[in-house]
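A.B. asks: Below is a structure I'd like to ask you about.
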Amino acid sequence: MSRTSLSSFARREWGALHAAVRAELTGKRWRAVCLTLVSVALTAFFYVLQHRPRGLRLVHEFGFVRAEDPLWLALLRTPLSLFVPALDLPVWGALAQILLVFGIAELTLGRRRTLLIAYASTLAGTTYARIGVAMGPDGAFGLPASDARIVDTGPSAAVVGLAVFVCYRYRARVTAGLVLLAMIVEVIVKPNLAGKEHLAAIGAVLVVCGADALLRRRRQCLRVGSRSGAPPIRS
């Protein structure tokens, strides 16, 4: 592929997204990513805390989520669990994911929508873990009973969900397809709980994307109807 073709592809794929990110950063600078900076700080704090003898117990009580936990307890811990980095993974990976994807999402979607999508994605993964364990290891989407005891924390499901939603809003279809393909390959190569939760997060976000598209189309039809002088459609 020639340099001109690559440049043309980049403009089509990421032009609108780049323009939105640049406009927000130019106008508000660091204030535009306050949520992202707080999220990075929280994740770093919990990483330090859980590597201290007494701190690990505190993080366990307030941020650890397992499929075997009572549902009410898991729901209480889920928002905080998003910022608790997995013990078996390097913390710099979680921090980089949050800084990049949360930052772009906050700049383009706003803080409220970023939080909602992040929480919905994380909750979808946590909910899937319970359903998968209940299905058992024999089903295509099932999980072994031992996965119910796995500590399920970290921002990865939220990051994947936000990436897909941002791609949808800014029509970066190839990028969205690559994210989905990467998650499918992850499950094929290493069919563990985390990989399947990522697919569950994408599934939940695709439902949100569909609902958003229908709502936007309905609003557009109402605007066109009001301009033409036709009475508004009542449902």
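The values are calculated or read from the model by the stated rules, or taken from the named source; none is laboratory data. Quantities reported herein were computed from a predicted structural model and do not represent experimental measurements. Positions of Cβ are backbone-derived with ideal geometry, glycine not excepted, and every protein chain shown enters the neighbour counts. Just the protein is used for accessible areas: all its heavy atoms, side chains included, with ligands, DNA and RNA removed. Shrake-Rupley method; radii C 1.70, N 1.55, O 1.52, S 1.80 Å.
A.B. asks: Is one or more of the residues making up the stretch 186-208 on the phi < 0 side of the Ramachandran plot, open to solvent by 70 Å² or more (accessible area, probe 1.4 Å), in contact (Cβ under 8 Å) with a residue 40 or more places away in the chain and out of contact with any Asp or Glu (no Cβ under 7 Å at 6 or more places or on another chain)?
C.D. replies: For the stretch 186-208, residues on the phi < 0 side of the Ramachandran plot, open to solvent by 70 Å² or more (accessible area, probe 1.4 Å), in contact (Cβ under 8 Å) with a residue 40 or more places away in the chain and out of contact with any Asp or Glu (no Cβ under 7 Å at 6 or more places or on another chain): present.
A.B. asks: Looking at TRP30, TRP14, can you tell me which residue is in contact (Cβ under 8 Å) with a residue 40 or more places away in the chain and open to solvent by 60 Å² or more (accessible area, probe 1.4 Å)? Reasoning before the result, please.
C.D. replies: On the way: TRP30 fails: in contact (Cβ under 8 Å) with a residue 40 or more places away in the chain.
When all the criteria are applied, what remains is TRP14.
A.B. asks: Filter the stretch 209-235 for residues that are more than 30 Å from TYR119 (Cα to Cα), open to solvent by 100 Å² or more (accessible area, probe 1.4 Å) and either modelled with pLDDT of 90 or more or not small (Gly, Ala, Ser) (or both) and give the result.
C.D. replies: First, the residues of the stretch 209-235 that are more than 30 Å from TYR119 (Cα to Cα): 221-235.
When the remaining residues are screened for being open to solvent by 100 Å² or more (accessible area, probe 1.4 Å), the result is 223, 227, 231, 233-235.
Matches in the stretch 209-235: ARG223, ARG227, PRO231, ILE233, ARG234.
A.B. asks: Given the criteria charged (D, E, K, R) and assigned to a helix (DSSP H, G or I), does ARG218 qualify? Talk me through it step by step, then tell me what you get.
C.D. replies: Numbers: charged (D, E, K, R): yes; assigned to a helix (DSSP H, G or I): yes.
Taking the combined requirement at face value, the residue satisfies it.
A.B. asks: Go through the stretch 63-92 and give me each residue that's in contact with a Pro (Cβ under 8 Å, 6 or more places away or on another chain) and open to solvent by 20 Å² or more (accessible area, probe 1.4 Å).
C.D. replies: PHE83, VAL91
A.B. asks: Right, next: Being open to solvent by less than 20 Å² (accessible area, probe 1.4 Å) and assigned to a helix (DSSP H, G or I) is the filter here; which residues of the stretch 125-146 pass it? Write out each step before concluding.
C.D. replies: Initial filter on the stretch 125-146 (open to solvent by less than 20 Å² (accessible area, probe 1.4 Å)): 125-126, 129, 132, 136, 142-143.
Within the stretch 125-146, GLY125, THR126, ALA129, GLY132 qualify.
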